[in-house]
Amino acid sequence: NSELFTLTYGALVTQLCKDYENDEEVNKQLDKMGYNIGVRLIEDFLARSSIGRCQDFRETADVIAKVAFKMYLGITPSVTNWSPGGDEFSLILENNPLADFVELPDNHSALIYSNLLCGVLRGALEM
């Protein structure tokens, strides 16, 4: 599943770059698409993983990194850079499968290629 997604994702981003005039609009569209995926994907994740309610935000971060990313993309990002308040963190992807076989042209320096993932996380966490 993740290989098919990786191969078709590049074509999707290419088409968005053709359809919209600037990278900022492409970034917005990728986030919007990701959000819509995340809103629906959370039900599949909860059904397939049998994960119960998380007790705190740190546990939520661990489940996202160790279960969700592994389940859908076959990778396990590192959870780092916790804010002093414990309400923000970073997910570091050592190997981003979405970026396999990708070379961005110089004229797309503002493109956030994997912005779809941000939208997926936002949509899933909101639900």
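Among the candidates 96, 107, single out the residue that is at negative phi, open to solvent by 30 Å² or more (accessible area, probe 1.4 Å) and out of contact with any Leu (no Cβ under 9 Å at 6 or more places or on another chain). Step through it out loud before you land on a result.
On the way: 96 fails: out of contact with any Leu (no Cβ under 9 Å at 6 or more places or on another chain).
None of the others qualify; the one that does is 107.
Could you look through region 5-18, keep only residues that are within 14 Å of residue 97 (Cα to Cα) and modelled with pLDDT of 80 or more, and pick out the one that is most open to solvent (accessible area, probe 1.4 Å)?
Going residue by residue through region 5-18, those that are within 14 Å of residue 97 (Cα to Cα) are 5-10.
Within this subset, residues satisfying the condition of being modelled with pLDDT of 80 or more are 8-10.
Values: 8: 73, 9: 2, 10: 22 Å².
Top of the filtered list is 8.
Of the residues that sit in region 19-34 and are outside any helix (DSSP H, G or I) and not charged (D, E, K, R), which one is surrounded by the most Cβ atoms within 10 Å (Cβ to Cβ)? Lay out the reasoning, then the answer.
Keep residues of region 19-34 that are outside any helix (DSSP H, G or I), which gives 20-22.
Restricting the remaining residues to those that are not charged (D, E, K, R) gives 20, 22.
Working: 20: 14, 22: 12.
Applying the filter and picking the extreme gives 20.
Give the residue that is nearest to residue 70 (Cα to Cα), with candidates limited to residues of region 80-93 that are of a type in the set (A, V, I, L, M) and open to solvent by 50 Å² or more (accessible area, probe 1.4 Å). Break it down stepwise before answering.
Looking only at region 80-93, we keep the residues that are of a type in the set (A, V, I, L, M), and these are 91-93.
Checking which are open to solvent by 50 Å² or more (accessible area, probe 1.4 Å) leaves us with 92-93.
Working: 92: 13, 93: 11 Å.
Filtering region 80-93 for residues that are of a type in the set (A, V, I, L, M) and open to solvent by 50 Å² or more (accessible area, probe 1.4 Å), the one nearest to residue 70 (Cα to Cα) comes out as 93.
Could you tell me whether any residue of region 78-89 is assigned to a helix (DSSP H, G or I) and of a type outside the set (Val, Ile, Thr)?
Residues of region 78-89 assigned to a helix (DSSP H, G or I): none.
Looking through region 78-89, none of the residues is assigned to a helix (DSSP H, G or I) and of a type outside the set (Val, Ile, Thr).
Test residue 60 against the criterion of being farther than 26 Å from residue 7 by Cα and touching a residue at least 60 places away in the same chain (Cβ under 8 Å), and give yes or no.
Numbers: farther than 26 Å from residue 7 by Cα: yes; touching a residue at least 60 places away in the same chain (Cβ under 8 Å): yes.
Here the answer is yes, as residue 60 does meet what is asked.
Go through 37, 42 for me and flag whichever is more than 20 Å from residue 96 (Cα to Cα) and surrounded by 14 or more Cβ atoms within 10 Å (Cβ to Cβ). Walk me through how you get there before you give the answer.
Working: 37 fails: more than 20 Å from residue 96 (Cα to Cα).
Matching residue, one of 37, 42: 42.
Which of the following residues is part of a helix (DSSP H, G or I) and either of a type in the set (Ser, Thr, Tyr) or under 16 Å from residue 6 (Cβ atoms) (or both): 45, 101, 69? Spell out how you get there, then give the answer.
On the way: 45 fails: either of a type in the set (Ser, Thr, Tyr) or under 16 Å from residue 6 (Cβ atoms) (or both); 101 fails: part of a helix (DSSP H, G or I).
That would be 69, the only listed residue that is part of a helix (DSSP H, G or I) and either of a type in the set (Ser, Thr, Tyr) or under 16 Å from residue 6 (Cβ atoms) (or both).
The values are calculated or read from the model by the stated rules, or taken from the named source; none is laboratory data. Only a predicted model underlies this, so the values are computations on that prediction, with no experimental measurement involved. No Cβ is skipped: glycine too gets one built from the backbone with ideal geometry, and neighbour counts run over all protein chains shown. These area figures cover heavy atoms from the full protein model, side chains too; ligands, DNA and RNA do not enter into them. Shrake-Rupley method; radii C 1.70, N 1.55, O 1.52, S 1.80 Å.
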